[in-house]
1. Rg and Dmax in Å for the chain, alpha carbons only: what are they?
2. Between ALA29 and ARG162, what is the label-point separation in nm under the 7 Å Cα-to-beta-carbon projection?
3. Give the order of LEU52, LEU173 when sorted by the count of other beta carbons within 10 angstrom, beginning with the fewest.
4. For segment 18-81, what is the Kirkwood estimate of the hydrodynamic radius, computed as the reciprocal of the mean inverse distance between distinct Cα atoms, to one decimal in Å?
5. Convert 25 °C to kelvin, take the viscosity as 0.890 mPa s, use the Kirkwood radius over C-alpha pairs of segment 98-143 as Rh, and evaluate the Stokes-Einstein diffusion coefficient in µm²/s, rounded to a whole number.
6. Specify the angular offset, from 0 to 90 degrees and rounded to the nearest 10, of the alpha carbon long axis of helix 64-74 from the longest principal axis of the alpha carbons in the chain.
7. With charges only on Cβ, +1 for K and R and -1 for D and E, what is the dipole size of segment 100-198 about its Cα centre, in debye, rounded to 20?
8. In deg cm²/dmol, rounded to 500, what helix-only [θ] at 222 nm does the chain give when every DSSP H run of at least 4 residues adds -39500 (n - 2.57) and the total is split over its residues?
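Read-outs: derived from the displayed coordinates by stated rules, not from any lab. Treat the numbers as computed from the prediction; the structure is a model and nothing was measured. All Cβ positions, even for glycine, are placed from backbone atoms using ideal geometry, and neighbour counts span all protein chains on display.
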Amino acid sequence: MSNPISPAVGNGPDSPDPVGIGVGQSIKAARSELGISMRALAIRCGVGQPFLSEVERGLAMPSISTLYRIAEALDVAPSSLLPSSGSADVRVIRRDEGRRVASSERGGSAFGRVVFTNDSLGLEVYEYIADSSEDLQEWFEHAGHKVLHVIAGHLHVDFHQRDSVQLEPGDTLVHPGAVAHRWSIPQGGDVHLFLVVTRDT
C-alpha cells in the first residue's frame, strides 16, 4: 500500500521562501548523488516533472506525504531533506516557530507544524491541530517508528491487517512506521496531537 500522490500546493513563483529553497536544494543534491535524472525521479515518485522542477527551484513545497515518497525514491530519510532545526544540544521551539506543511495534496488536507528535524539524530517532530472537516486520511508507510501523543480531542488510527485504535486525550500510541496506517477524526470533533518519528541513525 502506497501514498497516492498528486501535484503539491506550492508557494508560487513570486514567493519562494528559505525553507522551500532548502528542501529543493537537498532534493537536487540527493538526486545528483544518486545519479538519476529529474524525469526518472518524478516517475519513481509519481509526480509530474514540472512540479518536481518547481520543488527543486524552491518555488513549490511538497506535502509531508510527497516528501516521504521523494525520500523513499532517493533512499534517504525524509528529515534529511528538511532544513535542520540546529545542532545545539539545548533548544526551545516557540509556539509560533516551525513551518506549516500540508499532510497530503488532497483537497481539504490538514496542516501540520514541523517542530523539529535532525537527520543525525534520526528525529522528526510535528504538531497537528485539526478538525473533522480537514483530511488526514492519507495512508503512510515509512522506516522507523512513530510515537503519537494526543493532547486534546479524539483520533482514530487504522492499520493495514491490524486492529484499529481509538485514542483519547492523554493516550500515546507507538508503532512501526512500516505498518501502513492512516488517521481520521470523529465527525464533528477536533484533535491536538504531537507526532514524533524516530529512525535508526
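1. 16.4, 48
2. 3.4
3. Details: LEU52 26, LEU173 16.
Final ranking by Cβ density, sparse to dense: LEU173, LEU52.
4. Numbers: mean 1/r = 0.0898 Å⁻¹.
11.1 Å is the Kirkwood radius here.
5. On the way: Rh = 11.7 Å.
The diffusion coefficient I find is 210 µm²/s.
6. That works out to roughly 50 degrees.
7. Working: 6 positive and 14 negative charges, 26 e Å.
Here segment 100-198 has a charge dipole of around 120 debye.
8. Working: 4 runs with 44 residues, N = 201.
Using -39500 (n - 2.57) per qualifying helix, the result is -6500 deg cm²/dmol.
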